[in-house]
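Written below as structure tokens is the structure these notes are about.
The values are calculated or read from the model by the stated rules, or taken from the named source; none is laboratory data. Given the structure is predicted, the values throughout are model-derived calculations rather than measurements. Cβ placement follows ideal geometry from the backbone for every residue including glycine, while neighbour counts extend to all protein chains displayed.
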Amino acid sequence: MSKNPEFVKFDKVDKSYDGKVLVVKDLQLDIAEGEFITMLGPSGSGKTTCLMMLAGFETPTHGEILLDGNIISNIPPHKRGIGMVFQNYALFPHMTVYENLAFPLRVRKVEKDEIDKKVDKALSMVSLSGFETRMPAQLSGGQQQRVAVARALVFDPAVVLMDEPLGALDKNLRESMQYEIKHIHESIGVTVVYVTHDQSEALTMSNRIAVFNDGKVQQLSDPAELYEKPVNSFVAEFIGENNTFNGEVVDIDKDKCKVKLNNSEIFANPISVKSKGEKTTVSLRPERALINPTNKMDNMFTGKIEEVIYHGDHTRVRLNLLGSSEFILKVPNSTSNLELKVGEDIDIGWNSIDARALDPK
Amino acid sequence: MSSENKILTTDGLPLEVSLKKAEKRNKIKAFLLVAPLLLFLLITYIFPIGEMFTRSIDDRMITNMLPKTFESMKKWDGKELPPEEVYRSFYEDYKILAEKKVHGKLGQRLNKEKNGFNSILKRLFRKVKSNQIDESKSIKEQIIKIHKHYRNVDYWRAIKRTAPPYTINKYLKGMDMYLDEDGNVAQVSEDRRIHRILWLRTLEIALFVTIFCFLMGYPIAHLLATLPMKYSNLLMICVLLPFWTSLLVRTASWMILLQQQGLVNDFFVMIGLVADDSRPEMMYNKVGTYVAMTQILLPFMVLPLYSVMKTISPSLMRAGKSLGGTPFVAFWKVYFPLTIPGIGAGCLLVFILAIGYYITPALVGGASGTLISNQIAFHMKQTLDWSFASAMGLMLLTGVLVIYWIYNKLVGVDNIKLG
């Protein structure tokens, strides 16, 4: 089966609610058939608005949305054939689980036997067989959530939208549901557009992630690339943890640049800086800096331990380094068991390739 | 659980006892808080209803007036004229009444039972007053001579019928029925059946007012629940504004609007809808009652509906649509069923208020727009037949309770949400 790489297409979409502020600016986004794409961003970044436009509850102020090559901007929600899982599940409280699942099939005039079969299949998919006659209020949060997922999938929609569906669940349940939804997606191959503000959820589940901020997609790439190679300082800040140095480029090469901080100089990987004299923010993941580096690294410094926080699987160490007391180190909890004491000096080193010189904050 | 493994608190008391002790203070506190209301309800509601009930069936006045007569009538089978003994005790009772000058009341009471009683009693009174009855001879023969009706067994039967201290006559009268001479329930002649028309009209008007309120209130409540705060507050004030105006003022303003030379008719004439010389009557008939009552009772429909709709998440309608339901299907299958508790509460409230409505129909209803409550007021104030007014009031109350009961069977009172 050849997959359509532009199954869902946002084409130069603008959206404004009040005629003064654009909440979505010139959005250009292609979603491939069968893909699990996540829209990730802080609240107010326009991600939910995009989802609502795709579902048909909001109209784009400008631009078109295409589904499988057809413009859908003027098609009402009930004719789009898009399944949706809502933040608060939106199960119909006066209907049983069976009736909830049968609703999309009944409005499509599916035969009774066929409905029974499909509801059965959908319920077993979310491992809730036997719950047909329960009312939503009799289910736990996680079970309600699964019913909502089953209901959005039962009528075989081409695209399923999920609007922070796990937001109301506790941490453990949320994690197991993440895997469950991922597995359902893998087994039936439906296109999923998922909205969340939880970065670990996005990293766990998605094929690709679109990071939203200020109404714009800041970066669209797969989870690994997003984490390893953020293209700007917002993404670097938003995804995972990050040590930053603000400075000025004093020397630049093809794959290396020298950045002058207040009273020292570091080597970094030039990503968005082009020439000497530019301001930049250098971003470095905490786990990329090593203690007592044995092999030759091009950034080697000594810092003073300010704070040691035990996290179980790892220990976080806050250092006073290069004039900043907010430098974080992650030390894995291994058998080597480093003695870390507050007030001691330690040697730190990292490769310039891991220190990404991005746009200034 | 056996008594051995009863859970004990640390000081050795059984847990249940300890719990009761701990909760006792709270219970007393709670009771004291509701006590004033309870007392108030008891004095102003339960007690008057009991009083109304006794008044509506009370027939002891005549029982006290003719004690000996009723005593002697016990042995009489009512087939032929009563024996001498009955006539004598009736005479003795009557003599006492005549001396106390309360014989007129007896005449009125018995005249209600059988027409013509008052006048034959007056003849008896003249004889008694002038001491023309010789107590040493047969009283029966002397009384019979006073008027031929005293020879008619029907009149004596009428007296016997009034013997029980309680009567349901008032209730039968409220339904245009009466007890005939054989003690059977009978209908009054067709041209005198006024109450039944009133009951039916009351039900009809209450029903239609409820329907009109629902049809108008539902969209308003929906708007109120879905509009942004600044608009919905304004709308809420518009809905509540009538509450802040006197009921009388509101009804009077409807009179200004609806009368034949009123604003609405003027407007109709102005836009050429009706000719100036054929202005429709919109007041002093049912139209006036419908219009004014619907407007006045509308908030009672809107508020419970609003409070229920406010709790319905907008994402439910969205879910309905995204799952493929047309806006109508989503509304009908998802939104509407969820508003039923509010509809139930609103309709019940409006219907019960409408069924006993008084001022508005009295002022704008005219002859064809008055309700049963106006009839009750009429008997309270004009005819002073309080027992009849009480009987009709209780019939109204019973009707409301029956409706409530039916409603409970159909929808379930637990489903009502007033706010």
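For the residues B:HIS103, B:HIS147, the requirement of being crowded, with 18+ Cβ neighbours inside 10 Å and of a type outside the set (S, T, N, Q) singles out B:HIS103. Listed here are the strands (runs of 3 or more DSSP E) enclosed by the stretch A:20-109 that have at least 3 residues being more than 14 Å from chain B (Cβ to nearest Cβ), of a type in the set (A, V, I, L, M) and closer than 28 Å to A:SER200 by Cα: A:22-31, A:36-40. When restricted to residues that are within 11 Å of chain B (Cβ to nearest Cβ), in a loop (DSSP other than H, G, I, E, B) and of a type in the set (A, V, I, L, M, F, W, C), the stretch A:154-183 contains 2. Candidates are the residues of the stretch B:278-307 that are more than 20 Å from B:ARG201 (Cα to Cα) and of a type in the set (Phe, Trp, Tyr); the one that is nearest to the other protein chains (Cβ to nearest Cβ) is B:TYR306.
Identify, from the list A:VAL308, A:VAL342, the residue that is out of contact with any Leu (no Cβ under 9 Å at 6 or more places or on another chain), among the hydrophobic types (A, V, I, L, M, F, W, C) and without any contact (Cβ under 8 Å) to a residue 40 or more places away in the chain.
Details: A:VAL308 fails: out of contact with any Leu (no Cβ under 9 Å at 6 or more places or on another chain).
Going through A:VAL308, A:VAL342 in turn, just one is out of contact with any Leu (no Cβ under 9 Å at 6 or more places or on another chain), among the hydrophobic types (A, V, I, L, M, F, W, C) and without any contact (Cβ under 8 Å) to a residue 40 or more places away in the chain: A:VAL342.
Looking across the stretch B:332-350 at every residue that is more than 10 Å from every other protein chain (Cβ to nearest Cβ) and buried (at least 24 other Cβ atoms within 10 Å of the Cβ), the one that is nearest to A:PRO76 (Cα to Cα) is identified as B:GLY342.
Sort out which residues of the stretch A:219-237 are in contact (Cβ under 8 Å) with a residue 60 or more places away in the chain and buried (at least 22 other Cβ atoms within 10 Å of the Cβ), and write them in order of number. Within the stretch A:219-237, A:PRO230, A:SER233, A:ALA236 qualify.
Please note which strands (runs of 3 or more DSSP E) are completely contained in the stretch A:281-361 and include at least 2 residues that are touching a Ser or Thr at 6+ places or on another chain (Cβ under 9 Å) and farther than 17 Å from A:GLU241 by Cα.
Details: elements: A:299-310, A:314-321, A:324-332, A:345-350, A:356-358.
Counting at least 2 such residues, we get A:299-310, A:345-350.
Among the residues of the stretch A:221-242, at least one is closer than 30 Å to A:LYS12 by Cα, in a strand (DSSP E or B) and assigned by TED's automatic domain parsing to the domain that holds A:PRO42. For the stretch A:171-188, the tally of residues that are surrounded by fewer than 16 Cβ atoms within 10 Å (Cβ to Cβ) and either on the phi > 0 side of the Ramachandran plot or β-branched (Val, Ile, Thr) (or both) stands at 1. Taking the criterion of being at positive phi and under 39 Å from the mean Cα position of the chain (by Cα), the residues of the stretch B:94-131 that qualify are B:LYS101, B:GLY116. Taking the stretch B:258-285 only, how many residues are in a helix (DSSP H, G or I), in contact with a helix residue (DSSP H, G or I) (Cβ under 7 Å, 6 or more places away or on another chain) and not aliphatic (A, V, I, L, M)? Qualifying residue count, the stretch B:258-285: 1. Given the condition farther than 18 Å from A:ARG356 by Cβ, among the polar types (S, T, N, Q) and under 12 Å from the mean Cα position of the chain (by Cα), answer yes or no: does some residue in the stretch A:175-182 qualify? No - not one qualifying residue is present in the stretch A:175-182.
Among residues of the stretch B:10-66 being part of a helix (DSSP H, G or I) and of a type in the set (S, T, N, Q), the one that is nearest to the chain's Cα centre (by Cα) is B:SER56.
In the set A:ASN262, A:ASN246, A:ASN207, only one residue is among the polar types (S, T, N, Q), touching a Pro at 6+ places or on another chain (Cβ under 8 Å) and surrounded by fewer than 20 Cβ atoms within 10 Å (Cβ to Cβ); that residue is A:ASN246.
Return the residue satisfying two criteria in turn: it lies in the stretch B:308-331 and is closer than 14 Å to B:HIS222 by Cα and not basic (Lys, Arg), and of such residues it is nearest to the other protein chains (Cβ to nearest Cβ). Spell out the reasoning first.
Narrowing the stretch B:308-331 to residues closer than 14 Å to B:HIS222 by Cα: B:308-314, B:317, B:331.
Subsequent filtering for residues that are not basic (Lys, Arg) retains B:308-309, B:311-314, B:317, B:331.
Values: B:VAL308: 12, B:MET309: 14, B:THR311: 10, B:ILE312: 9, B:SER313: 6, B:PRO314: 9, B:MET317: 9, B:PHE331: 12 Å.
Only one residue fits best here, namely B:SER313.
A single member of B:MET255, B:MET270 is surrounded by fewer than 21 Cβ atoms within 10 Å (Cβ to Cβ) and either hydroxyl-bearing (Ser, Thr, Tyr) or more than 16 Å from B:PRO361 (Cα to Cα) (or both), and it is B:MET270.
Entry remark, the stretch A:111-138: residues being touching a residue at least 40 places away in the same chain (Cβ under 8 Å) and assigned to a loop (DSSP other than H, G, I, E, B) number 2 in total. In the set (1) assigned to a helix (DSSP H, G or I); (2) assigned by TED's automatic domain parsing to the domain that holds B:LYS74; (3) not hydroxyl-bearing (Ser, Thr, Tyr), the condition left unmet by B:TRP199 is number (2).
Sort out which residues of the stretch A:45-56 are closer than 13 Å to A:GLY83 by Cα and surrounded by fewer than 23 Cβ atoms within 10 Å (Cβ to Cβ), and write them in order of number.
Taking the stretch A:45-56 first, the residues closer than 13 Å to A:GLY83 by Cα are A:51-52, A:54-56.
Scanning the stretch A:45-56 gives A:LEU51, A:MET52, A:ALA55, A:GLY56.
The residue that is modelled with the lowest pLDDT, counting only those in the stretch A:222-265 that are acidic (Asp, Glu) and in contact with a Ser or Thr (Cβ under 9 Å, 6 or more places away or on another chain), is A:ASP255. Does A:ILE291 meet the test of being in contact with a Leu (Cβ under 7 Å, 6 or more places away or on another chain) and touching a residue at least 24 places away in the same chain (Cβ under 8 Å)? Yes.
Checking the condition of a type in the set (Ser, Thr, Tyr), in the same structural domain as B:MET255 (by TED's automatic domain parsing) and more than 17 Å from A:PRO136 (Cβ to Cβ), which residue from B:THR311, B:THR360 passes? So the residue among B:THR311, B:THR360 that is of a type in the set (Ser, Thr, Tyr), in the same structural domain as B:MET255 (by TED's automatic domain parsing) and more than 17 Å from A:PRO136 (Cβ to Cβ) is B:THR360.
Among the residues of the stretch B:23-32, what is the count of those that are surrounded by 10 or more Cβ atoms within 10 Å (Cβ to Cβ) and not aromatic (Phe, Trp, Tyr)? Total satisfying the criteria: 5.
Among the residues of the stretch B:364-379, those that are surrounded by fewer than 22 Cβ atoms within 10 Å (Cβ to Cβ) and among the aliphatic types (A, V, I, L, M) comprise B:ALA367, B:ALA377. Hey, any hits in the stretch B:339-356 for a residue that's under 21 Å from A:PHE86 (Cβ atoms), at pLDDT 90 or above and out of contact with any strand residue (DSSP E or B) (no Cβ under 7 Å at 6 or more places or on another chain)? Yes: the stretch B:339-356 contains one or more residues that are under 21 Å from A:PHE86 (Cβ atoms), at pLDDT 90 or above and out of contact with any strand residue (DSSP E or B) (no Cβ under 7 Å at 6 or more places or on another chain). Of the numbered criteria (1) loosely packed, with under 15 Cβ neighbours inside 10 Å; (2) more than 20 Å from the chain's Cα centre (by Cα); (3) in the same structural domain as A:MET84 (by TED's automatic domain parsing), the one A:LYS15 fails is (1).
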